[in-house]
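First comes the structure, then the notes that go with it.
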Amino acid sequence: MTVRPPSPVLALIVLAALVSTLAPLTAPARADDPRAVLAVEDTMRTEVTPELVSARRVTLGEILDRVARGEARRDSLLLDQSFTATLRLLRNTSTSGSPELFSETVARVYKRRPSQVHTVELRRFVLDDKDDDDDDVAFSPSMGEEIVNFAIRAENRRDYRFTIEDRTIVGDHIVYTLAFEPRSSLAVYEPRGRIWVDTRENVIVRQELEFEQSPVPLLLRRIPHMVVERTRVGDFWVLSRALVRVEFTVPLPRVGRSADFAMMMTDYTINTGLPDSVFTGAHGNGRLHRMRVRAGQAR
Amino acid sequence: MRRLIALLGALALSLPGASSAQTPGASDSLMNAYMRTLSDSTDAWFGATVAPLDTAGLDSALAVGLANPGRRARTITVRSIALAPAVGFNRVDGARLGLSAASRFVAGTRLRTWAQWANGPNDVLGEVTIARSWRVGTTRARVELGATAGRTTWALHRDTYEPWLSELAAFVNGDDHEHYLRQDGWSARARFVGPRNLAALTWRDQLESARTTTSTWTLFGDGPVVPQNDPAATGRVREANLTLVTTLPGTRLRMAYNQWTSSPALGSAFDYRRLRVDMGGDVSIGDHLGLVSQVSYGRLHGEAVPQAAFVLGGVHSLRTLEADPESGTGAVFARSELVLVDDLRRVLRLPLPAWMPLQFGANIATGAIWDHEIGRRFRSDGRDVPDPRDWRSEAGVSLMWRTGIPDPSSRARLECSWPIGVDDRTVTWTVSYQRLLDLLPPVR
């Protein structure tokens, strides 16, 4: 284990803090002492020569182009990945009473280019499981994470209007917050929101979505909040959570009037060279199987 | 504590000379702290939903799962079979009673079948459909193959037929303006469905025959609004259909191209080429108004059989011609609708529930149809544009309730239309259920 020496600046700060803490312990100067100093000017002053910045400021269009390229580059560098996916449904989340876990499915998902995906179901829980419904949730073999970048994709970008909402400097990262909304005023049911873009790698690191009107008013009363988050694993930003809260127009059987859907990905491995055996079925013919996760029934 | 560390780090970086000594690791930890702050707000909002996962037992479950990779695929062949009643009603079949069954296979293959007894002609109808789809690589595009065989009743005017709505109207008060024919045979199709594009090739080999009205019963009312059923030309149709739907490059305008070809060279009893092109889109006018425009052009060359004709009139074209639609070998139609985007419940403070968002619209439409003598089965090789005297126009206002089913833009419309020009049309009230761009097929 290597212990790095503390930064000199940090050492100075700590030293200053220690001195200020210890100061009251020293003998106070007497007022009649001619050497006494009653007040000390502690404001640091400096002057810098004004410099006119002539560099052209990056435009919104350029940011979007860079993000589109950054997302495509990120996608192209991903050769394989595996992660633990947790699909969770909680009911009674925005009405009176306390939220209650309704179902949870945990699976280990393996993906490899060009289009292989294998899912191993690890756990399934459904509250009051009574029926035999057989709804499946399939994981796409894609590693492009369209749920994060759908708005800036080439095929969708002309459908949205973007604006720069904020810019934050975090270390040597510049994080832009871009707001987007449907270009068509008639698309009141399409998502709008904001994305956080790390311009060092030009990838989206977070997205918040909202809906002016429900896409399906007859079934969904409203969608109050939706968040999609990425986390950094090695050199890549990968999807870590997709969370949405919905309120139903009429109470759904066994679920009620509101629910939270959560998809959480943890324990990523990326570009580790997943072996063929992970994707090969037990038939012994080397055929690649696309497995599915059942979400909705305990076994 | 985390925020204190971040603050100290930021202070250190802001001091002169510090940035040059900054390491990538320190910068990344700052970024992680920034992201963690955002995630904390998410955690606070969603509460128990984002509780940490209990990992007990997951490792052993994974070991078992990896040791038995093909277990489920080997044991399951049919995923589910769903049975449902299949009922229907129109004036040529009367009441249809039966059963439908649908099953889904592991590899994405679907099988669907239905059988009905029609009490009017005392006949049995039914179809079997098998379809399979594949994802194209890792994209959202899909390729679908399917085939259908059987005997069914279908509409003479194929472009705008919506079985569910027509049969409901026929059952309730007989307000069904469709005309019907019998189809016996099979069809096969291949489709490519992309995020923005659709391409489909369909081949059908069906014996088409005329039907007559066998039932005048309705739940309310005095019988069918249209008592007779226009006869179709009887013959075996072998027809190829090419459909292309795309968004015009650089615009948000969508276009659909359809070409049907039936020829004796293909073994068909009829010789025609049928073309239909639709285009539409919307533009925003400020924050409160949207303009939706659609244009449609259709032309039939060759043998003018009734089942290949175009029709003008009805909820998908001129509403003032709904009671007496006209058919011909050439048709053109255009409509522009100005929609108040704001929810009328909020604007007018109406005490309506959240599931009933209302919008107001005003539209103007014009259309023309030519070569009306469809019933005579003449050969149509004449003009491709209408005569100025063929044009009819109208204006209307509508109240729209967007339900979002099956498409987010699907809506029920109550509309009042006024004819423009001097002819025998009158003010017409219509109730319909359609998408905003109803002349264009949905791609997704």
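The values are calculated or read from the model by the stated rules, or taken from the named source; none is laboratory data. Computed from a prediction, not measured in an experiment: that's the story for all the values here. Don't worry about glycine lacking a Cβ; one is built from the backbone with ideal geometry, like all the others, and counts go over all protein chains shown.
When B:Arg3, B:Arg72 are checked against the criterion of being more than 8 Å from chain A (Cβ to nearest Cβ) and either modelled with pLDDT of 80 or more or part of a helix (DSSP H, G or I) (or both), B:Arg3 stands alone in meeting it.
Pick from the range A:268-278 the residues that are more than 9 Å from chain B (Cβ to nearest Cβ) and touching a residue at least 12 places away in the same chain (Cβ under 8 Å): which of them is nearest to A:Phe211 (Cα to Cα)? Restricting to residues being more than 9 Å from chain B (Cβ to nearest Cβ) and touching a residue at least 12 places away in the same chain (Cβ under 8 Å), the top hit is A:Tyr268. Taking the criterion of being of a type in the set (A, V, I, L, M, F, W, C) and either over 25 Å from B:Gly221 (Cβ atoms) or assigned to a helix (DSSP H, G or I) (or both), the residues of the range B:128-163 that qualify are B:Val128, B:Ile130, B:Ala131, B:Trp134, B:Val136, B:Ala141, B:Val143, B:Leu145, B:Ala147, B:Ala149. Look at the range A:81-95: where a residue is at positive phi and a partner is buried (at least 18 other Cβ atoms within 10 Å of the Cβ) and assigned to a loop (DSSP other than H, G, I, E, B), sitting 6+ places away or on another chain with Cβ atoms under 6 Å, you get A:Asn92/A:Pro99. Among the residues making up the range A:194-211, a single one is farther than 14 Å from A:Arg66 by Cβ and surrounded by fewer than 18 Cβ atoms within 10 Å (Cβ to Cβ): A:Glu210.
Give the residue that is nearest to the chain's Cα centre (by Cα), with candidates limited to residues of the range A:242-284 that are small (Gly, Ala, Ser) and within 21 Å of A:Ser103 (Cβ to Cβ). The qualifying residue nearest to the chain's Cα centre (by Cα) is A:Ala242. B:Val237 passes every criterion in (1) in contact (Cβ under 8 Å) with a residue 24 or more places away in the chain; (2) assigned to a loop (DSSP other than H, G, I, E, B) apart from (2). Considering the range B:164-179, the residues that are without any contact (Cβ under 8 Å) to a residue 60 or more places away in the chain and in a helix (DSSP H, G or I) include one that is farthest from B:Tyr433 (Cα to Cα), namely B:Val172. Among the conditions (1) at pLDDT 95 or above; (2) facing chain B (nearest Cβ under 8 Å), A:Val244 misses just one, which is (2).
Output the residues belonging to the range B:85-126 that are hydrophobic (A, V, I, L, M, F, W, C), part of a loop (DSSP other than H, G, I, E, B) and over 28 Å from B:Val226 (Cβ atoms). Those that are hydrophobic (A, V, I, L, M, F, W, C), part of a loop (DSSP other than H, G, I, E, B) and over 28 Å from B:Val226 (Cβ atoms): B:Val106, B:Ala107. Of all residues in the range A:46-72, those being closer than 21 Å to A:Asp198 by Cβ and either at pLDDT below 85 or surrounded by 13 or more Cβ atoms within 10 Å (Cβ to Cβ) (or both) number 12. Restricting attention to the range B:368-390, does a residue exist that is touching a Ser or Thr at 6+ places or on another chain (Cβ under 6 Å) and modelled with pLDDT of 90 or more? No, every residue in the range B:368-390 fails to be touching a Ser or Thr at 6+ places or on another chain (Cβ under 6 Å) and modelled with pLDDT of 90 or more. Exactly one residue among B:Ser327, B:Ser317 is closer than 25 Å to A:Ser185 by Cα, within 24 Å of the chain's Cα centre (by Cα) and of a type in the set (Ser, Thr, Tyr), and that residue is B:Ser317. Of the residues examined, B:Ser417 is not one that is within 14 Å of another protein chain (Cβ to nearest Cβ) and of a type in the set (Ser, Thr, Tyr). So in the range B:22-54, with the set limited to residues that are more than 8 Å from chain A (Cβ to nearest Cβ) and not in a helix (DSSP H, G or I), which one is surrounded by the fewest Cβ atoms within 10 Å (Cβ to Cβ)? The selected residue is B:Pro52. Restricting attention to the range A:100-117, the residues being buried (at least 20 other Cβ atoms within 10 Å of the Cβ) and facing another protein chain (nearest Cβ under 7 Å) number 2. Number of residues in the range B:180-204 that are touching a residue at least 60 places away in the same chain (Cβ under 8 Å) and not in a loop (DSSP other than H, G, I, E, B): the value is 4. In the range B:143-153 there is no residue matching the filter, namely being within 14 Å of chain A (Cβ to nearest Cβ), touching an Asp or Glu at 6+ places or on another chain (Cβ under 8 Å) and surrounded by fewer than 16 Cβ atoms within 10 Å (Cβ to Cβ). For the range A:143-182, residues that are hydroxyl-bearing (Ser, Thr, Tyr) and touching a Lys or Arg at 6+ places or on another chain (Cβ under 8 Å) total 3.
Applying the selection to the range A:251-261, what residues are surrounded by fewer than 21 Cβ atoms within 10 Å (Cβ to Cβ) and touching a residue at least 12 places away in the same chain (Cβ under 8 Å)? A:Arg254, A:Val255, A:Gly256, A:Arg257, A:Phe261, listed by residue number. Does B:Ala354 satisfy being among the small types (Gly, Ala, Ser) and buried (at least 17 other Cβ atoms within 10 Å of the Cβ)? Against the criterion (among the small types (Gly, Ala, Ser) and buried (at least 17 other Cβ atoms within 10 Å of the Cβ)), B:Ala354 does not qualify.
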